[in-house]
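**Student:** Submitted below is the structure of interest, expressed as structure tokens.
Each reported figure results from applying straightforward, stated rules to the coordinates on display, with no laboratory input. Nothing here was measured: the structure is a model prediction, and the numbers come from that model. Don't worry about glycine lacking a Cβ; one is built from the backbone with ideal geometry, like all the others, and counts go over all protein chains shown.
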Amino acid sequence: MIEQIFTASVFASMIRLATPYIFASLGEMYGQRSGVLNLGVDGIMLMGAFFAFYAVLLTNSLVIGILAAVAVGLILGLATAFISVTLKAEQGISGIGMYLFGLGMSELLFQKWVGTPKSVEGFPRIYIPGLSDIQFLGIGEIFFSHNLLVYVAFALVPISAYILNRTSFGLAIRAVGQTPEAADAMGVSVTRVRYTTVTLGGILSAIAGASLSIALLDVFQQNLTSGAGFIAVALVYFGRWRPFGVMTGALLFSFVNALQLQIGALGFDIPSEFAVMAPYVITIIALVFASKQTEKPTALTKPFQRGE
């Protein structure tokens, strides 16, 4: 029975299910490393998911679907930056407002423009020649038989680590998030860095939503994300604001999620409500232990005023 649970398909599902969390968490990580907390990630994901789905529904073009998600993520990311950085609004409250906007607007547009549930032809799986055929421990199925967005999400992890730790832009992000006054004194534009990171976070969050609607599920429905954006924010804390830590958290959450789906399919006598709740409970427990050893960016949620 144990072998039936821990099959290659479970680990392959883990990889696929982690994709939206990696996109959204990496985007949120950039913003938080510069000092801006965005609790509106879930709303941006919903808007990205809807516009990507609707674009594909109209054009049958996955490229246009992704571009639509990028466009809406850019707009909402800029809006978030304007509210948090320029207007210096309280970031927690403004973030919840963005979430509620995305939740309500995506449902309204779906009802007005689509009306009834429909499916689209999403991203197909790409089988890496030679590697996807590896049978040993199911390696081919687990790592090399996924759609394009899965590969892109995991590729962004080392790319983000390089950007943050090896580039002048990454140094500027870290400086602004720790001591914005010192960064400003050295000629770094705190406003420009925060606008850039928050906007980038909006784009990646929208792509995370698109990965649900046109790659993982191939449909759009009310509250499609089911709070995934809030999990993504939590995973940034779990991962200690580091790309590989964020990826580890996303894989842990997704593994438990994939496991509960497999246990349900095998007919274990476990209440379905408990199985659905398990990934979230384990995430909370992991966050409790991780938070005791975590030092967040010093300037996180603190507006910057030149001269203060």
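**Student:** Of L17, G65, S119, which is farthest on the positive side of the dipole of the chain, counting Cα position, with +1 on Lys and Arg Cβ, -1 on Asp and Glu Cβ, and the Cα centre as origin?
**Tutor:** In the chain, that residue is G65.
**Student:** Under the Karplus relation 6.51 cos²θ - 1.76 cosθ + 1.60, θ = phi - 60°, what is the ordered set of whole-Hz ³J(HN,Hα) values for the range 223-237, x standing for Gly and Pro?
**Tutor:** 6, 4, 6, 6, x, 4, x, 6, 4, 4, 4, 4, 5, 5, 5
**Student:** Right, another one. Quick one: grab Rg to one decimal and Dmax as a whole number for the range 54-213, Cα atoms only, in Å.
**Tutor:** 19.6, 57
**Student:** Using the Karplus curve 6.51 cos²θ - 1.76 cosθ + 1.60 with θ = phi - 60°, work out ³J(HN,Hα) for each residue of the range 38-55 in order, rounded to whole Hz, and write x for Gly and Pro.
**Tutor:** In residue order, the calculated couplings are 10, 8, x, 3, 5, x, 5, 4, 5, 5, x, 4, 5, 5, 5, 4, 5, 5 Hz.
**Student:** For a quick check: sort V236, V198 by the number of other beta carbons within 10 angstrom, fewest at the front. Before the final figure, lay out each step's value.
**Tutor:** Working: V236 26, V198 29.
Ranking V236, V198 by Cβ neighbours within 10 Å, fewest first, gives V236, V198.
**Student:** Next question, about the same structure. Taking H placed 1.01 Å from N in the peptide plane, check which residues at least 5 places from K118 or on another chain put their amide H under 5 Å from its amide H.
**Tutor:** It is F220, by chain and number.
**Student:** Additional query: Suppose we flag trypsin sites (Lys or Arg not before Pro) only when DSSP calls them loop and at most 10 other Cβ atoms lie within 10 Å. Which is the longest uninterrupted stretch of the chain?
**Tutor:** Longest site-free region, per DSSP loop and neighbour criteria: 1-291.
**Student:** Just check the range 1-107 against the gyration tensor rule for me: Cα atoms, a ≥ b ≥ c as the square roots of the eigenvalues, rounded for a/c under 1.5, and otherwise prolate or oblate depending on whether a/b exceeds b/c.
**Tutor:** Since a/c reaches 1.5 but b/c is at least a/b, the shape of the range 1-107 is classed as oblate.
**Student:** Tell me, how many Å apart are the Cα centres for the range 59-130 and for the range 203-246?
**Tutor:** With the range 59-130 and the range 203-246 each reduced to a Cα centre, they are spaced 11 Å.
**Student:** Something else: Quick one: grab the alpha carbon gyration tensor of the range 164-262, order the square roots of its eigenvalues as a ≥ b ≥ c, and give me rounded if a/c is under 1.5, else prolate or oblate depending on whether a/b is larger than b/c. Display every interim value, and only then the final one.
**Tutor:** Working: a/c = 3.17, a/b = 1.98, b/c = 1.60.
Prolate, since a/c reaches 1.5 and a/b exceeds b/c.
**Student:** Under unit Cβ charges (Lys, Arg +1; Asp, Glu -1), what dipole magnitude, rounded to 20 debye, does the chain have relative to its Cα centre?
**Tutor:** Using only the charged Cβ atoms, the result is roughly 820 debye.
**Student:** Fewest to most neighbouring Cβ within 10 Å: what's the order for Y162, Y151?
**Tutor:** By the 10 Å Cβ count, ascending, the order reads Y162, Y151.
**Student:** What value does the chain have for Rg/Rh, both radii from Cα atoms and Rh as Kirkwood defines it?
**Tutor:** Rounded to two decimals, Rg over Rh is 0.99.
**Student:** Continuing with the same structure: Quick one: compute the contact order of the chain, relative version, from alpha carbon pairs under 8 angstrom and 6+ residues apart, as a percent. Show your work: numbers first, answer last.
**Tutor:** Values: 561 pairs, mean separation 112.4, N = 308.
For the chain, the relative contact order is 37 percent.
**Student:** What list do you get for V190, V256 if you sort them by fewest beta carbons within 10 Å?
**Tutor:** With the sparsest Cβ surroundings first, the list reads V256, V190.
**Student:** While we're looking at this one, here's another question. Explain nothing, just compute: Karplus ³J(HN,Hα) = 6.51 cos²θ - 1.76 cosθ + 1.60, θ = phi - 60°, for every residue of the range 98-105 in order, whole Hz, x for Gly and Pro.
**Tutor:** With the stated coefficients, the range 98-105 comes to 5, 4, 5, 4, x, 5, x, 5 Hz.
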